[in-house]
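Asks: There's a structure below that I have some questions on.
The values are calculated or read from the model by the stated rules, or taken from the named source; none is laboratory data. What you are looking at is a predicted structure, and each value in this text was computed from that prediction instead of being measured. Cβ: placed from backbone, ideal geometry, glycine included. Neighbour counts: every protein chain shown. What goes into the accessible areas is simple: the full protein's heavy atoms, side chains included, and nothing from ligands, DNA or RNA. Shrake-Rupley method; radii C 1.70, N 1.55, O 1.52, S 1.80 Å.
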Amino acid sequence: TPSVAQAPRAPLHEDLRVALVTGASSGIGAATARRFAEGGWQVLLNGRDVDRLEETAAGTTGIVLPGDLATPDGPRRLAESALGAAGRIDLLVAGAGIGWAGPFATMPHTAVDRVLTVDLNATLHLVREVLPAMVAAGRGRVVLVGSVAGTVGVRNEAVYSAAKAGVAAFAEALRQELRGTGVGVTHVVPGPVDTAFFERRGTPYQRTRPRPTSPGRVASAVWDAVGRGRDGDVYVPSWLTLPGRVRGVAPALYRRLLDRFG
């Protein structure tokens with residue numbers, strides 16, 4: 001039974017759109033949940049910290065659905081709770097994620113598994129749970145929150161980069177599969193974001209470039225992409241498309257720059 005900021009209700013009115021946002025206890029997920037709540041959506045908030053979820057939901061009609069997506073049945077239980085609370089899911093924003101920084105050779109096996117489970121495996125399983133109903137309805141959108149680390153590969157963040165690269169490949173493959181179904185896929189690719197992400201991983205952000213952007217800016221990018229029905233990749237800020245372009249046209253130059261700047 002979900003713990004909620006507001007008691008679960010019967011299936012909602014057909015005109016009220018429903019968004020399920022994971023990682024909604026802080027950072028990008030919290031900012032995105034608030035943005036959609038302010039925009040008139042019914043928002044379902046998932047995360048592990050009930051108190052912070054309720055802070056995010058405060059002042060809105062948001063419904064708190066706490067749970068750990070890293071557990072074997074976490075994605076299934078969340079999908080069932082979301083459908084039970086709201087009757088349907090029109091939008092999934094998969095924003096839950098964790099990091100780990102340091103040389104790969106020193107990374108504990110448990111940390112490898114945890115990053116891959118939370119950042120990649122749980123995302124795929126949750127999409128698998130909510131997608132069939134979207135396809136059956138002929139409408140919906142999946143927003144996958146990736147990272148520029150998955151595009152360029154970042155030293156001392158090898159497993160995180162690998163997980164986010166997997167999210168990027170999954171987004172592209174799924175987008176092709178869903179063509180013509182009425183269900184869209186948006187891959188949001190932020191650079192560093194000014195959140196507690198770095199504090200929680202135990203290593204602060206130490207690079208001078210790119211400078212961290214705000215979670216609100218990423219949330220606005222998600223809002224705009226959903227409003228426009230935009231498939232494909234959305235970089236935040238937009239200039240972060242440049243490294244990938246350089247990699248495609250001048251791979252030797254790209255690797256020299258990567259060796260220098262990390």
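Asks: Over all directions, the average projected area of the alpha-carbon convex hull for segment 55-183 comes to how many nm²? List each step's numbers first, then the result.
Replies: Working: hull surface 35.7 nm².
If I average the Cα hull's projected area over directions, I get 8.9 nm².
Asks: Could you order peptides 215-224, 131-140 by the average number of other Cβ atoms within 10 Å of their residues, highest first?
Replies: Values: 215-224: 20.2, 131-140: 15.7.
Top of the packing list down: 215-224, 131-140.
Asks: With a sphere of radius 13 Å drawn around the Cβ of residue 24, what net charge do the other residues whose Cβ falls strictly inside it have (Lys, Arg +1; Asp, Glu -1)?
Replies: Summing Lys and Arg as +1 and Asp and Glu as -1 gives 0.
Asks: Could I ask something else about it? Can you tally the net charge around residue 97? Count Lys and Arg as +1, Asp and Glu as -1, for every other residue whose Cβ sits under 9 Å from the Cβ of residue 97. Each step should come with its number before you reach the end.
Replies: Values: positive: 164; negative: 119.
Local net charge: 0.
Asks: Spelling out what I want: for every residue of segment 27-41, take phi, set θ = phi - 60°, compute 6.51 cos²θ - 1.76 cosθ + 1.60 (Karplus), and round to whole Hz; glycine and proline get x.
Replies: Using θ = phi - 60°, the values come out as x, 4, x, 5, 5, 5, 4, 5, 4, 6, 4, 5, x, x, 8 Hz.
Asks: Probe radius 1.4 Å, ligands and nucleic acids left out: which of 60, 123 has the largest accessible area, and how do the rest follow? Walk me through the numbers on the way to the answer.
Replies: Details: 60 50, 123 20 Å².
Ranked from most to least accessible, the order is 60, 123.
Asks: Here is a follow-up. Mean projection of the alpha-carbon convex hull of segment 115-177 over all orientations, in nm²? Display every interim value, and only then the final one.
Replies: On the way: hull surface 16.8 nm².
About 4.2 nm², averaged over all directions.
Asks: So, one more: Taking a 1.4 Å probe, which of 81, 161 shows the most accessible area, and what order do the others take after it? Kindly include the intermediate steps, with their values, before the conclusion.
Replies: Values: 81 40, 161 10 Å².
From most exposed to least exposed: 81, 161.
Asks: Please list the non-local residues whose amide H lies under 5 Å from the amide H of residue 64, H modeled 1.01 Å from N, same-chain partners needing a gap of 5 or more.
Replies: Placed amide hydrogens put 5, 6, 45 under 5 Å from residue 64.
Asks: Lys and Arg at +1, Asp and Glu at -1: add these up for the other residues within a Cβ distance under 11 Å of residue 142 and post the number. Write out the running numbers ahead of the final one.
Replies: Details: positive: 128, 141, 175; negative: 90, 231.
In short, +1.
Asks: A further question follows. Whole-Å semi-axes of segment 27-87's equivalent ellipsoid, largest first, each the root of 5 times a Cα gyration tensor eigenvalue?
Replies: Semi-axes (√(5λ), whole Å): 19, 13, 9.
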